[in-house]
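The values are calculated or read from the model by the stated rules, or taken from the named source; none is laboratory data. Quick caveat, the model's predicted, so the values are computed rather than measured. Note: ideal-geometry Cβ built from the backbone for every residue, glycine included; neighbour counts use all protein chains shown.
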Amino acid sequence: MIKTERLTIAPFEMKYLRDYFDGFDGEITKYQWPDPFASVDGARDLLRAFLDEMARGESLVFSILSHDGRFLGSVEVHALPEARPELGVWVIKSEQNKGYAYEALRAVLDYTRAEYDKRAFFYEADIRNEASVKLLHKLEDGYEILEQGLEECTTDSGKALRLRGYVLKAKET
C-alpha cells in the first residue's frame with residue numbers, strides 16, 4: 001500500500017469490482033484500446049487475469065482510493081519484468097481534473113523504481129486525449145520523455161485511435 005497526501009494506492013481487490021465496472025465507461029475508454037465492459041462478469045474475468053498477473057510478478061494493478069476508502073480509479077504497471085514496463089492510469093469522471101491521476105502515477109512510478117529498480121517506462125496515449133498527454137508532461141521534472149512514432153489503428157469495435165508512445169527515462173538525481 002502506498003500513501004500520498006490525498007490518496008491511498010492499494011493492490012486491487014475484487015471488492016472494488018462494481019466501482020471499476022461502473023467507472024470504466026465509454027467516456028473513459030474513448031481514446032483507449034479497451035472498450036467498456038459488456039457485463040460485470042466480463043470485468044471480473046479481466047480483473048482476475050490482472051490479479052493472476054500480479055501473483056506471478058508480471059503486473060501491478062492498484063486501486064486509487066480516497067483516504068476514506070472511496071474508489072477513484074486505477075493505476076497499473078504491465079509487463080513488469082520487461083526493460084520498460086507499460087503504465088496506465090484512469091480516474092472516474094466525477095474526480096477528474098483534481099490532480100489524482102498525476103499523484104497516483106507519480107507515487108507508483110516512485111514505488112516501482114524503488115522496489116523493482118525500473119528506470120524506464122512506456123506510456124501510450126491518443127494524441128487527441130489532451131489530459132493524458134498533459135499528465136505525461138507533468139512528469140518531466142523526474143523523467144526524460146522520448147516521443148515515439150504515431151500509430152493510427154482501428155480497434156476490433158471500430159474505434160479509430162491515433163496512438164503515440166512515449167518512453168520515460170528516469171533522470172539521475
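Points to keep in mind about this one:
- When the criteria are applied in full, LEU109 fails the requirement of being of a type in the set (A, V, I, L, M) and part of a strand (DSSP E or B).
- Looking at TYR100, TYR116, TYR111, just one residue is at pLDDT 95 or above, surrounded by 20 or more Cβ atoms within 10 Å (Cβ to Cβ) and not hydrophobic (A, V, I, L, M, F, W, C), and that residue is TYR100.
- Enumeration of residues in segment 146-168 that are touching a residue at least 24 places away in the same chain (Cβ under 8 Å) and more than 17 Å from the chain's Cα centre (by Cα): THR155, SER157, LYS159, LEU161, ARG162
- The residues of segment 79-106 that are in a helix (DSSP H, G or I) and hydrophobic (A, V, I, L, M, F, W, C), listed by number, are ALA101, ALA104, LEU105.
- Listed by first and then second residue, the pairs linking a residue in segment 21-32 that is under 13 Å from VAL91 (Cβ atoms) to a residue that is basic (Lys, Arg), with Cβ atoms under 8 Å apart and 6 or more places separating them unless they lie on different chains, are GLY23/LYS93; ASP25/LYS93; GLU27/LYS93; ILE28/LYS93.
- Within segment 60-74, the presence of at least one residue that is among the basic types (Lys, Arg) and at pLDDT 95 or above is confirmed.
- Looking across PRO85, PRO81, one residue alone is in contact (Cβ under 8 Å) with a residue 12 or more places away in the chain, touching an Asp or Glu at 6+ places or on another chain (Cβ under 7 Å) and more than 25 Å from ASP22 (Cβ to Cβ). It is PRO81.
- Qualifying positions in segment 1-19 - modelled with pLDDT of 95 or more and under 20 Å from GLU53 (Cα atoms): ILE2, ILE9, ALA10, PRO11, PHE12, GLU13, MET14, LYS15, TYR16, LEU17
- Leading residue by the ranking (surrounded by the most Cβ atoms within 10 Å (Cβ to Cβ)) among those in segment 3-48 that are closer than 18 Å to HIS78 by Cα and among the β-branched types (Val, Ile, Thr): ILE9
- Search result, residues across segment 12-57 that are outside any helix (DSSP H, G or I), farther than 18 Å from THR155 by Cα and in contact with a strand residue (DSSP E or B) (Cβ under 6 Å, 6 or more places away or on another chain): PHE12
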